[in-house]
1. Considering only the range 161-169, I want to know if a residue exists there that is surrounded by fewer than 22 Cβ atoms within 10 Å (Cβ to Cβ), under 16 Å from Pro241 (Cα atoms), of a type outside the set (Lys, Arg) and under 16 Å from the mean Cα position of the chain (by Cα).
2. Assess whether Gly61 counts as being in contact with a helix residue (DSSP H, G or I) (Cβ under 6 Å, 6 or more places away or on another chain) and within 24 Å of Leu152 (Cα to Cα).
3. Might you check whether a residue that is among the polar types (S, T, N, Q) and part of a strand (DSSP E or B) occurs anywhere in the range 143-150?
4. Determine whether Leu203 is under 26 Å from Arg65 (Cβ atoms), without any contact (Cβ under 8 Å) to a residue 40 or more places away in the chain and buried (at least 17 other Cβ atoms within 10 Å of the Cβ).
5. Of the conditions (1) touching a residue at least 60 places away in the same chain (Cβ under 8 Å); (2) in contact with a helix residue (DSSP H, G or I) (Cβ under 8 Å, 6 or more places away or on another chain); (3) crowded, with 18+ Cβ neighbours inside 10 Å, Leu132 satisfies every one except a single condition; which number is it?
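Just so it is clear, none of the values below were taken in a lab; they were calculated from the coordinates. What you see is a predicted model, and the numbers here were worked out from it, not measured in a lab. Neighbour counts run over all protein chains shown; Cβ positions are idealised from the backbone, glycine included.
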Amino acid sequence: MDDATKSKPVMYDLAQSMDDAKEARATKDTSMQYRELHPWQVNVTEAQRIQQRLRHHIQVGPYVRDIRYIAGADISVAHTSPTVYAGVVILDYTTLAVVEHKGIVSTTDFPYITGLLSFREAPALLQVFAQLDITPDVVVFDGQGIAHPRGLGIASHMGLLLDVPAIGCAKSRLTGRYEEPPLTRGAHTPLYGRNGQVLGAVLRTKDRTRPVFVSVGHKMELSQALDILLHCHRGYRIPEPTRLADQYVGTMRRTQGRDM
């Protein structure tokens, strides 16, 4: 690992960071605030320790009542490139019409390591969320939530940093075991961890199409996450929030950020 990703451990007060973020939201009528819960210039061992620490602060439950806006967040970055294209698309939850989108082109020093992708991708996404004019009630991430070897995929990591209800909707499994759900839209089966705990669900969003892997990110319960994603289905395998976010960052990458 190069010098840019090495640093001495820094202890961050999670409770104080949460209080600071609440105070900022109460005193500023601006874009989304996020919490500085840990340093980003860390090595692999330190990143894994941060995940182990933060996982205990994930909240699972029915925190969301009324949804007006839902966001999809995605990243486009090559394994060997430092350039990151990060985008967020916000939709009206009732109509699924796009009401806002923002994106940035940034760089990352953190290497591509499975299970630690949020340390490569989250800093750029945080910059995008800070630019939003509309605050979403729920955010869907193209990646894992708690269905992660250390219980902190990008949906959980970002959900904690933003203190927002978050859902992980991944195209493939990272961990866990499952049985294939029936071939009809809406069918789902549990995704189990090594100790038999339910990590998420394997959801068929479209008849006879490969399923997606759903898990709680933060401030969400699994049954509600499934209902939300099915509501956001418009005939494609991927629900609209992350499908449109994926299209957006793909366009940014092809045009080198000129069409943001």
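1. Going through the range 161-169, the residues surrounded by fewer than 22 Cβ atoms within 10 Å (Cβ to Cβ) turn out to be 163.
Among the residues that remain, those that are also under 16 Å from Pro241 (Cα atoms) are: none.
The answer is no, given that none of the residues of the range 161-169 is surrounded by fewer than 22 Cβ atoms within 10 Å (Cβ to Cβ), under 16 Å from Pro241 (Cα atoms), of a type outside the set (Lys, Arg) and under 16 Å from the mean Cα position of the chain (by Cα).
2. Values: in contact with a helix residue (DSSP H, G or I) (Cβ under 6 Å, 6 or more places away or on another chain): no; within 24 Å of Leu152 (Cα to Cα): yes.
Against the criterion (in contact with a helix residue (DSSP H, G or I) (Cβ under 6 Å, 6 or more places away or on another chain) and within 24 Å of Leu152 (Cα to Cα)), Gly61 does not qualify.
3. Residues of the range 143-150 that are among the polar types (S, T, N, Q), as a first pass: 144.
Narrowing the set further to residues that are part of a strand (DSSP E or B) leaves none.
No, because not a single residue in the range 143-150 is among the polar types (S, T, N, Q) and part of a strand (DSSP E or B).
4. Working: under 26 Å from Arg65 (Cβ atoms): yes; without any contact (Cβ under 8 Å) to a residue 40 or more places away in the chain: yes; buried (at least 17 other Cβ atoms within 10 Å of the Cβ): yes.
In short, yes.
5. It fails just one condition, (2).
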